[in-house]
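Worksheet for the structure shown next.
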Amino acid sequence: MDSDEQSRGYSEEKQGYLRRLKRAEGQVRGIARMIEEDKYCIDILTQMAAVNKALHAVSIGLLKDHISHCVVGAANESLETGNPQIVSDKVTEATAAISRLLRS
């Protein structure tokens, strides 16, 4: 499945992801406010850990959705067309995404 296509693996979870991201966005603004107000370092770090956890949860969810929708779709298409490169490309793409997540 092409990245330009409309059907996305995360479509069913889209509203939940948006809620989590909006919450994280609010937490980041709160962290900036805490720094402006010279709050205690450990309290700021605690809030940063919470933001990282929220972003991590969205990342893992998106990755799961990508594998179960896009990679599985590519595997099916590969079987139908006899072209193994289709699934190979999606696996390479997913592996690169996982690598980026692990480095972050």
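Values computed for the structure shown
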quantity	calculated
Extended-chain gain in nm, criterion 0.36 nm per residue less alpha-carbon gap, SER7 and TYR40	7.3 nm
Angle in degrees between helix 72-81 and the longest Cα principal axis of the chain, rounded to the nearest 10	20
FRET efficiency estimate (nearest 0.05) - Cβ-Cβ, TYR17 to ASN76, R0 30 angstrom	0.75
Accessible carbon and sulfur surface of the chain relative to its total accessible area, %, 1.4 Å	56
The range 1-97 - percent relative contact order, Cα under 8 Å, separation 6 or more	32
Degrees between helix 41-65 axis and first principal axis of the chain (Cα, 0 to 90, nearest 10)	10
Heavy-atom surface of the chain, accessible at 1.4 Å and reported per residue (Å²)	74
Reachable lysines, given that their alpha-carbon falls under 30 Å from the alpha-carbon of LYS90 and they are not under 8 places away in the same chain	LYS14, LYS22, LYS53, LYS64
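The values are calculated or read from the model by the stated rules, or taken from the named source; none is laboratory data. Note that the structure is predicted; figures quoted are calculated from it, not measured. Glycine also receives a Cβ, built like all others from the backbone with ideal geometry; neighbour counts cover every protein chain displayed. Heavy atoms of the whole protein, side chains included, go into the accessibility calculation; ligands, DNA and RNA do not. Shrake-Rupley method; radii C 1.70, N 1.55, O 1.52, S 1.80 Å.
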